[in-house]
Amino acid sequence: MKAKVSITLKRGILDPQGQAVLHALSSLGYTGVKDVRVGKLIELELASNDRAGAETEVKAMCERLLANTIIEEYRIELVE
Amino acid sequence: MTAPLRIGVLVFPGSNCDRDCHEAVTQVLGVEADFIWHKAATLPQVDAVIIPGGFSYGDYLRTGAIARFSPVMTAVTRFAEAGGLVLGICNGFQILLEAGLLPGAILRNRSLSFICKDIRVRMENTVTPFTSRCQAGQVLTFPIAHGEGNYYADQATLAGLKTRNQVVFRYCTQDGRVTPEANPNGSLDNIAGIVNEAGNVLGMMPHPERCADALLGNEDGRLILLSLLDAAKSRKPVMAS
């Protein structure tokens, strides 16, 4: 099983990278984009196939290392 | 007779200011210093620990995020909890934040650029073990060199920092005004350095070790290092553990 963890800066925290991309898109004529948040994607290849166990463990990994919850939020997606 | 002072300088893979710190302490200030490799599970008997700047673990994931789990950081945490003096500079500050020894976090510079230049900071708190030789409101010149120095904390944390006078340096103009223009990296409230509640752990983005020798054209950094040595001399040593 695979876990995909997406991490972005929390709402309310200025994301200068997202702002730079937003401006670049708008200068290309994509004026319909209201906001851009740039984050990172971490893919974990898990040995176990136990969904519930994996969910708990990956959440713990996010809290301890993968994300800094003072500034970031994370989303976990488990893929068979 | 008391033993001569000894300062420990941590070394992580990717540290690059460790030698500057060692040199400033030993050659400029004439005090003994030991390099401490990040794998060390215990600290040698030292009177203070400096966590130097650099790019520990290539800044992978987040600055300081991996270094904080190095064995030596468990020892540094015990040392700090026992009242030991810890000075984190640049990447050292980032590591202290990730380790939870200081509150808040670091974001990328607002400009997205790596900034390497001299800046001014105003002394906001001179009753710390790291700033006793400075005058309140004094403007010091320090070099900064970082891509990620944009300090962030939530409103409650910031309010606590202010109430307890934990903000030690703020970016300012030459004449000591704290303005948005004087803020090089977007740091919350122009914060350039903070101490923990107990006052024995300081994290700062500017580099005092790079301006401690007249030969380098600026000696403002000596004030920080000499304050640290004064404090280390007058304190009861923390036993190595």
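Rule-based calculations on the coordinates, nothing more; no lab input. Please read these numbers as outputs of a predicted model, since none were measured by experiment. In this analysis, Cβ positions are derived from the backbone assuming ideal geometry, glycine residues included, and neighbour counts consider all displayed protein chains.
Before moving on, here are some points about what is shown:
- Positive minus negative residues near residue B:85 (Lys, Arg vs Asp, Glu; Cβ under 14 Å): +2
- Local electrostatic count at residue B:222 - Lys and Arg +1, Asp and Glu -1, tallied over other residues with Cβ under 11 Å: -3
- Partner shielding of A:65-74 amounts to 5, given as the average count of beta-carbon atoms from other chains within 10 Å of each residue beta-carbon.
- Distant-in-sequence amide H partners of residue B:170 (H built 1.01 Å from N, under 5 Å): B:122, B:124, B:192
- Across all directions, the average flat footprint of the convex hull enclosing the Cα atoms of segment B:124-241 is 8.7 nm².
- Computed over neighbours whose Cβ is under 12 Å from that of residue B:70, the net charge equals +1, Lys and Arg +1, Asp and Glu -1.
- Ranked B:134, B:90, criterion: other C-beta atoms within 10 Å, fewest first: B:134, B:90
- Above-threshold pairs, the threshold being 21 Å between Cα atoms, out of A:2/A:59; A:40/B:117; A:10/A:59; A:4/A:59: A:40/B:117
- Convex hull projection area averaged over all views, segment B:6-234, Cα basis, nm²: 11.0 nm²
- Over the protein assembly as shown: helical MRE at 222 nm, DSSP H runs n ≥ 4 each giving -39500 (n - 2.57), nearest 500: -6500 deg cm²/dmol
- Chain lengthening between residue B:135 and residue B:239 when straightened (0.36 nm per residue, less Cα-Cα): 34.3 nm
- Helix axis angle, A:51-61 relative to chain A longest principal axis, alpha carbon, degrees: 60 degrees
- Spacing of the two label points (7 Å from each Cα toward its C-beta) at residue B:41 and residue B:162, in nm: 4.6 nm
- For segment B:74-170: rounded, prolate or oblate by the Cα gyration tensor [a/c cutoff 1.5]: rounded
- Cα-Cα pairs of segment B:183-241 separated by more than 18 Å (percent): 51 percent
- Candidates per GluC sites (Glu not before Pro) in segment B:167-218, loop by DSSP, up to 16 other Cβ within 10 Å: B:197
- Rounded to whole Hz, the Karplus (6.51, -1.76, 1.60) HN-Hα couplings of segment B:50-63, x for glycine and proline: 10, 9, x, x, x, 9, 3, 6, x, 6, 4, 6, 8, 4
- Once the C-beta distance of residue A:45 and residue B:60 is scaled by a Förster radius of 25 Å, the resulting FRET efficiency is 0.85 to the nearest 0.05.
- Across the alpha-carbon atoms of the protein assembly as shown, the computed radius of gyration and Dmax are 20.7, 76 angstrom.
- D_trans [Stokes-Einstein, Kirkwood Rh over alpha-carbon pairs] for segment B:1-134, 25 °C, 0.890 mPa s, µm² s⁻¹: 156 µm²/s
- Rg to Rh quotient for chain A, alpha carbon positions, Kirkwood Rh: 1.11
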